[in-house]
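Report on the structure given below.
The values are calculated or read from the model by the stated rules, or taken from the named source; none is laboratory data. As the structure is a computational prediction, the values presented were derived from the model and not from experiment. Glycine gets a Cβ as well: all are built from the backbone with ideal geometry, and neighbour counts include every protein chain shown. Only protein heavy atoms, including side chains, enter the accessible area calculation; ligands, DNA and RNA are left aside. Shrake-Rupley method; radii C 1.70, N 1.55, O 1.52, S 1.80 Å.
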Amino acid sequence: ELKPTFHSTHSSFFVALKNINYSSQSLSDQDSDQDADQVVPKMILEFCTEPRSKREICEHLGFNNLTYFTRTYLNPLLEANKLLRTIPDKPSSKNQKYVRA
């Protein structure tokens, strides 16, 4: 079905548009969400081969909500030591950037 799907959280909402050029067995919504949870971190790590600001990463991936992005994707990558802060002793510095470990 080609209709968009809508997902919401307490602070944001998302519209998913199906890629009609992608052929696969039908996935449930849960499978699609799990795929996104795996794909986004990979995209962040690929983009952060050079130091990047949080805003740069968000804009590159199309996220508008920095808080959601930080909690959902950035913090788990930092906790797993897959992503590093360029200024580790000042995590909230306005000059903070992130780079792949």
- Message: Run the reach check for residue 3 against lysines, Cα to Cα strictly under 28 Å, same-chain hits fewer than 8 apart removed. What comes back?
- Response: 18, 42
- Message: I need the P(r) histogram for the stretch 41-92: all alpha carbon pairs, bin width 10 Å from 0 out to the longest distance, whole percents.
- Response: 24, 65, 11
- Message: For residue 46, project a label point 7 Å along Cα to C-beta. Then give me every residue of the stretch 63-78 with its amide nitrogen under 17 Å of that point.
- Response: 63
- For residue 100 and residue 80, calculate 0.36 nm times their separation in residues minus their Cα-Cα distance, and state this gained length in nm to one decimal. 6.1 nm
- Report the accessible area of residue 92, computed with a 1.4 Å probe over the heavy atoms of all protein chains in place, in Å² rounded to the nearest 10. 110 Å²
